[in-house]
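Have a look at the structure below before the remarks.
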Amino acid sequence: MLELKDIVVSFKKEVQKKIFGTERKTVLHGISLAVRKGESLGILGESGSGKSTTGRVLAGLLKPDSGVVLIEGEDVYAGSKGREHLRNRLSIVFQDYTTSANPRFTIRQVIGEGIAVGARKTGEKIDYAEETARLLRLVGLDESFAKRFPHELSGGQLQRVCIARAIVCRSELILFDEAVSSLDAHTQVQIMDLLLDLKEKLGLTYIFITHDLTSITYFCSRVIFLKDGSVVADSPVSELSKLDVPYAKELLGAVLDFNAESA
């Protein structure tokens with residue numbers, strides 16, 4: 001559905017006392033990966049691994065120095081047609097839900113932004129109030145939330161609203177950029193259970209970018225490990241114990257040790 005081929009990205013270095021310095025630092029070294037229709041793909045890495053930069057490339061927000069990004073065979077960065085094709089297929093749910101929703105909008109208006117996008121794609125005439133109520137129910141919120149403002153909701157409730165907005169855009173593919181990492185553990189599980197339920201109901205495909213292996217093993221069917229801007233492992237979650245990659249084994253060991261201590 002979505003594919004990266006040999007992606008290289010570099011940024012200009014901040015060279016002290018050289019305002020016009022041209023030295024660059026490469027942060028992605030020939031990244032290749034494929035997102036299959038209907039799966040939940042986890043992209044896992046520690047800070048500085050290149051996972052956020054990879055997410056920006058996948059989302060059409062950062063043109064790579066070299067390499068190709070394909071959405072259903074269409075080259076995303078070759079021209080406006082590819083970008084438009086990606087926008088019609090992809091929605092994003094960000095980590096910072098507090099800045100993802102206009103604080104001056106009611107929840108009905110926040111979701112209304114997504115309804116408007118979906119309506120443009122299909123050409124349908126939609127009753128905004130009725131559709132907002134349906135979406136709130138779909139993500140486990142009462143329709144009375146439509147009249148509230150973002151600051152009147154908890155973190156978990158507001159992230160549910162952001163998920164509703166992403167879904168109503170009629171996108172088949174949703175990218176989650178650390179979307180549950182700032183929530184407490186109980187709320188994380190609730191949100192991931194909600195997403196898994198919606199995935200089955202609506203036939204969605206997910207990309208889940210995170211530094212948290214525990215969330216990956218709960219939520220994803222396959223995981224790609226990034227380290228220093230390179231893919232070091234690509235494995236079904238069910239076969240993680242068979243991985244013989246030092247970096248992956250180190251992360252797995254850390255999770256197992258943590259779970260043992262918690263128990």
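The values are calculated or read from the model by the stated rules, or taken from the named source; none is laboratory data. These numbers come from a predicted model, not from an experiment. Don't worry about glycine lacking a Cβ; one is built from the backbone with ideal geometry, like all the others, and counts go over all protein chains shown.
Side notes on the structure shown:
- Looking across segment 201-239 at every residue that is small (G, A, S) and not in a loop (DSSP other than H, G, I, E, B), the one that is farthest from the chain's Cα centre (by Cα) is identified as S238.
- Residues satisfying the stated conditions in segment 144-156, i.e. part of a helix (DSSP H, G or I) and at pLDDT 90 or above: S144, F145, A146, K147, P150, H151, E152
- Residue count for segment 72-109 satisfying the condition of being among the aliphatic types (A, V, I, L, M) and either over 18 Å from F176 (Cβ atoms) or touching a Gly at 6+ places or on another chain (Cβ under 7 Å) (or both): 4.
- Qualifying residues in segment 136-157 (those that are surrounded by fewer than 17 Cβ atoms within 10 Å (Cβ to Cβ) and of a type in the set (G, A, S)) - the one nearest to L196 (Cα to Cα): G140
- In segment 113-135, the count of residues that are more than 24 Å from E200 (Cβ to Cβ), touching a residue at least 40 places away in the same chain (Cβ under 8 Å) and buried (at least 19 other Cβ atoms within 10 Å of the Cβ) is zero.
- When segment 36-60 is filtered for residues that are β-branched (V, I, T) and touching a helix residue (DSSP H, G or I) at 6+ places or on another chain (Cβ under 8 Å), only I43 remains.
- Filtered by the rule that a residue be crowded, with 16+ Cβ neighbours inside 10 Å and at pLDDT 85 or above, segment 176-189 gives F176, D177.
- Residue ranges of helices (runs of 4 or more DSSP H) in segment 1-106 with at least 1 members closer than 30 Å to D184 by Cβ: 51-58, 97-100
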